[in-house]
Amino acid sequence: MALEQTLRGEGLLRENEVLNDLLGFEGMHIIQRTDMLNFSLDSVLLANFVSLVKGVETIVDFGTGNAPIPLLLTRRTDAQMIGVEIQPEVADMAKRTVSINGLEDQIRILHDDLNNMPVHFATGEVDVVVSNPPFFKYEPSSNTNKNDYLTIARHEVLATLDDIVKNAAYLLNNNGYFAMVHRPDRLIDIIETFKKYKLEPKRMQLIYPKNGREAHMLLIEGRKNGRPGLRILPPFIVHEEDGSYSKEVLTYFNRIERTNK
């Protein structure tokens, strides 16, 4: 509470915002608003899943929101990160979140449409791209939320799957990595789109809410111009029968370690 008061006094926290701890990561904070899509376990799973091999220097996060994925990735790498966010108020929140955590030297927030990447980057300039994108296709008849922030975050209103994969392929160097969290019912679309832009699917993991239930999320990673060959990782269970987090999830909270320096 004292920290929140200090940040409000400094103008880093607005009246309609709250400061939350970044799940189980001590000393990391994130600014959130109740009328916006708050970060969830998706971001933690993706930050753990993506390959960060030695030599990775630049990472781009499409649709960074209030920047949870770049924040989490600072626990794994010293690489420079750029979070791309199209919504101005969300991008501003992300910038202040980065500042509050003292990570301005490692994370930069770019307020722009991801389709404008050629304005900011040369092709092949980036080592890794990640994205927790809108999951649902958008049609005029779609059952969307009346809140524009939530609609844009959940539905492909401003960025389609094709947009995301195409621009990831543009940014990535040869054999660069693109990792994404998405829904299993879009898997065929995802693989077809990866192939269209020469991102070869290399690793995939299905996420299950509980043992014995159907998968509700998937993690998938492709490599630019990679050789064919897809590895299916063991299933990941999120909750025990009593609703508590599984041992796998709790282990994730404690095992984000640096893999390249």
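Computed quantities for the displayed model
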{"read-out": "Test: residue in the stretch 9-23 that is within 30 Å of residue 223 (Cβ to Cβ) and in contact (Cβ under 8 Å) with a residue 60 or more places away in the chain", "value": "yes"}
{"read-out": "Meets criteria (without any contact (Cβ under 8 Å) to a residue 60 or more places away in the chain, assigned to a loop (DSSP other than H, G, I, E, B) and surrounded by fewer than 17 Cβ atoms within 10 Å (Cβ to Cβ)) for residue 34", "value": "yes"}
{"read-out": "Elements of type strands (runs of 3 or more DSSP E) contained in the stretch 158-229, each with 3 or more residues being closer than 19 Å to residue 115 by Cβ and at pLDDT 95 or above", "value": "172-182"}
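The values are calculated or read from the model by the stated rules, or taken from the named source; none is laboratory data. Model, not experiment: these values are computed from the prediction. Virtual Cβ from ideal backbone geometry, glycine too; neighbours counted across all protein chains shown.
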